[in-house]
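Colleague: Just passing along the structure, written as structure tokens.
What follows is calculated from the coordinates using simple rules that are stated; it is not laboratory data. Quantities reported herein were computed from a predicted structural model and do not represent experimental measurements. Every residue, glycine among them, receives a Cβ derived from its backbone with ideal geometry; neighbour counts consider all protein chains shown.
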Amino acid sequence: MTRDAPPFDPELSVALEALGDEARKPFTRENLAARQKQDAAARPRPTVRDLQADGRFEVAELRVPAAPGEHDITLVSARPAGIAGPLPLLYYMHGGGMIAGNAWSVLPRLLREWALTLELAVVSVEYRLAPQAQYPGPVEDCYAGFVWVTEHAARLGIDADRIIIGGKSAGGGLAAALALLTRDRGGPTPIGQLLLCPMLDDRNNTFSGHQMAGLDTWDRTSNATAWQALLGDLYGAADLPPYAAPARATDLSKLPPAYIEVGSAETLRDEDVAYAQAIWQAGGQAELHVWPGAFHGFDTFAPQAALSQDARNARSHWLRRILTQSDASSGPAC
């Protein structure tokens, strides 16, 4: 069986070449601490004032308790200024392989692309990173923040019955885990889950993982390093809970509608396609997009590429449709 990799989209290939070898340099156990410091120093971290964008958005940094007597979680809340009434909410978890990233850096793009056009509020979660915090720390941070947001919806000016959970890469995996947790713990219930190239399977042994080794911006070596950092002694366990790695779930019934996207030329392709199929087989609703020739994080590295624009449009259409359907279902009876 051939393991020749699918070709990269021509525009994306140019962008990838421009990034140089550094973009494909894998995370390893040996370089993880240094790479984390490098990422923290290099990644943009806008201030509240930056995010307010000359008064276009109302922004607040909130510190909420994970549980009585435990650490606090930072949530960054933002909404378009001057819009009265409770708004629907996108509760978002950033990417970074669970070993990098922050809640602030993703917000300018989320606000620009969705908050204004969809009249949508956004809360971004600063969950703890591995290996300093291992499973279940990060997902429990996301769950505690989500529960707090729903309980304080009136204070935040959001509609607790119209919350979509979402994230990219590691954040997509956390969003999928959060959907499972809220179902199994009896709520609160999101109306949709936006899973962008989600990191779902700790076993790291798919065809696409082997196929894209050394080629993708997030390859099999980086993926293994991240899962080992998150799981510690649980890495490789046969009975790993699905809240740690949603691909381990055996019951995907009664989940909110999912939007799942991935590139055809990326490491996580096969686990993401399999997750969509498992949702369908469980009688659920999933919209799957496999972008031809796309590598991991393609729209971040090449935002002006035609494929990146198509992906953003598809996400926006799904969000608008889910919000419209939820608004109609909550309206007055005829």
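Colleague: Find the relative contact order for the chain and round it to a whole percent, using C-alpha pairs within less than 8 Å whose residues are 6+ positions apart.
Modeller: 18 percent.
Colleague: Still on this structure: Within a 10 angstrom radius of the beta carbon, how do W280, W218, W104 rank from fewest other beta carbons to most?
Modeller: W280, W104, W218
Colleague: Give the cross-link partners of K254 among the aspartates and glutamates, using a straight C-alpha distance below 18 Å as the criterion and excluding same-chain residues fewer than 8 apart.
Modeller: D161, D184, E287
Colleague: Let me have the 222 nm mean residue ellipticity of the chain computed from DSSP H runs of 4+ only, each contributing -39500 (n - 2.57), with the sum over all residues rounded to the nearest 500.
Modeller: It lands at -11000 deg cm²/dmol.
Colleague: Let me ask you something else. Please report, in whole Å, how far the alpha carbons of the chain spread along each principal axis, starting with the longest.
Modeller: Result for the chain: principal-axis Cα extents of 58, 43, 43 Å.
Colleague: Same structure, new question: Using a Gaussian network for the chain with springs between C-alpha atoms less than 10 Å apart, which of these wobbles most: A265, A177, A53?
Modeller: So, out of A265, A177, A53, the one fluctuating most is A53.
Colleague: Tell me which trypsin sites (Lys or Arg not before Pro) from the range 153-204 have a DSSP coil assignment and no more than 16 other beta carbons within 10 Å of their own.
Modeller: The qualifying sites are R185, R203.
Colleague: Let's see if you can work this out: charge +1 on each Lys and Arg Cβ, -1 on each Asp and Glu Cβ, no other charges. What is the dipole magnitude of the range 242-326 about its Cα centre, in debye to the nearest 20?
Modeller: 300 debye
Colleague: Okay, moving on. Which one of A160, A170, A144 has the biggest mean-square fluctuation once the chain is modelled by GNM with Cα springs under 10 Å?
Modeller: A144
Colleague: What order do you get for H296, H289, H71 when you list them from fewest to most C-beta neighbours inside 10 Å?
Modeller: Lowest count first: H71, H289, H296.
Colleague: For F27, F295, F301, what's the fewest-to-most ordering of other Cβ within 10 Å of each Cβ?
Modeller: Ordered from fewest to most neighbouring Cβ atoms within 10 Å, F27, F295, F301 come out as F301, F27, F295.
Colleague: Using the Cα centre as the reference, give the magnitude of the dipole from point charges on the C-beta atoms of the chain (Lys, Arg: +1; Asp, Glu: -1; all else neutral), rounded to the nearest 20 debye.
Modeller: It comes to approximately 400 debye.
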